[in-house]
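Derivation of every value follows stated rules applied to the coordinates shown; laboratory data play no part. Quantities reported herein were computed from a predicted structural model and do not represent experimental measurements. Don't worry about glycine lacking a Cβ; one is built from the backbone with ideal geometry, like all the others, and counts go over all protein chains shown.
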Amino acid sequence: MTTPITPADRLPLRERKKLRTRQALIDTALELFTERGFDGTTLDELCAAVEVSKRTFFRNFSSKEDVAMAPVHDLWTVFLDDLESREPGGRSVLEMLQDALLTALDRMPTEGWEDRVRLSRRLAEKTPSMDAHGLHFCDRTSRAALAVLHRRFNLADPRDLRLRLALDMLVAAFHCALETWTSRPGAPTRAELAAHTRDAFAAIPSSLTLTLGLREETG
């Protein structure tokens with residue numbers, strides 16, 4: 001059985017080496033941060049373990065938080081790339097965004113991506129600086145997606161809040177799915193993450209009309 005050719009395999013040798021170095025930094029960072037703690041691992045120690053200079057590190061990542069959260073960040077980078085060519089096809093904006101994110105999820109690396117995401121999320125749960133970095137990244141990604149949509153599509157009012165709200169609902173639903181998936185025992189698969197994501201997307205319409213009644217006191 002032959003090994004399938006990935007898009008990375010078609011890149012020039014120099015670019016493939018850069019990708020391998022970047023991946024080594026991610027894998028080693030997640031391993032060291034998990035073993036020693038995020039704050040217990042210095043950038044010097046990470047670079048020494050991968051045998052690269054700090055200059056090389058900063059060509060790929062802006063900080064320790066950035067490299068630790070790269071697996072999920074890469075998903076949203078591919079999502080933005082997908083928006084550059086995706087056609088609405090008569091669907092709602094939210095449906096188009098959901099399809100773009102599911103497509104991005106399907107395009108993630110086949111080897112080890114799920115494991116990296118779980119390690120990254122577990123680190124973020126106990127590392128405040130990673131949580132803050134993630135919030136900043138979400139805001140930047142939403143703004144970048146808005147810029148793509150405004151550039152590509154005919155939107156009468158650039159101040160229309162509905163577009164930003166659609167993006168916010170997409171992000172919130174995926175975070176709910178990711179939290180559910182990460183908390184599952186064992187090694188849940190990417191297909192299970194996609195299923196959780198679809199379930200979260202499906203819950204959005206009814207969440208907008210959900211009403212509550214006070215709980216009756218007993219005793």
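A few notes on this one:
- When only the Cβ of Lys, Arg, Asp and Glu is charged (+1, +1, -1, -1), the dipole of the chain relative to its Cα centre reaches about 740 debye.
- The residues neighbouring Glu114, those whose beta-carbon lies less than 12 Å from its own, together hold a net charge of +2 under the Lys/Arg +1, Asp/Glu -1 convention.
- Environment charge of Asp131, counting only residues whose C-beta is closer than 11 Å and scoring Lys/Arg +1, Asp/Glu -1: 0
- Cα centroid of segment 36-99 to Cα centroid of segment 196-219, whole Å: 32 Å
- Using the Cα coordinates of segment 8-62, the gyration tensor eigenvalues translate into equivalent-ellipsoid semi-axes of 23, 12, 8 Å, sorted from longest to shortest.
- Farthest toward positive dipole pole in the chain [+1 Lys/Arg, -1 Asp/Glu at C-beta], among Ala145, Thr21, Thr103: Thr21
- In terms of surrounding Cβ atoms within a 10 Å radius of their Cβ, Glu125, Glu35 rank from fewest to most as Glu35, Glu125.
- Magnitude of the charge dipole for segment 8-62, about its Cα centre and with charges confined to Cβ atoms of Lys, Arg (+1) and Asp, Glu (-1), is about 540 debye.
- Partner aspartates and glutamates for Lys126 [C-alpha distance under 16 Å; skip if fewer than 8 residues away on the same chain]: Glu31, Glu35, Asp39, Glu65, Asp66, Glu179
- For Lys18, the lysines whose Cα comes closer than 28 Å to its Cα, not counting residues fewer than 8 places off in the same chain, are Lys54, Lys64.
- Ordering Arg140, Arg122, Arg159 by the number of other Cβ atoms within 10 Å of each residue's own Cβ, fewest first, gives Arg159, Arg140, Arg122.
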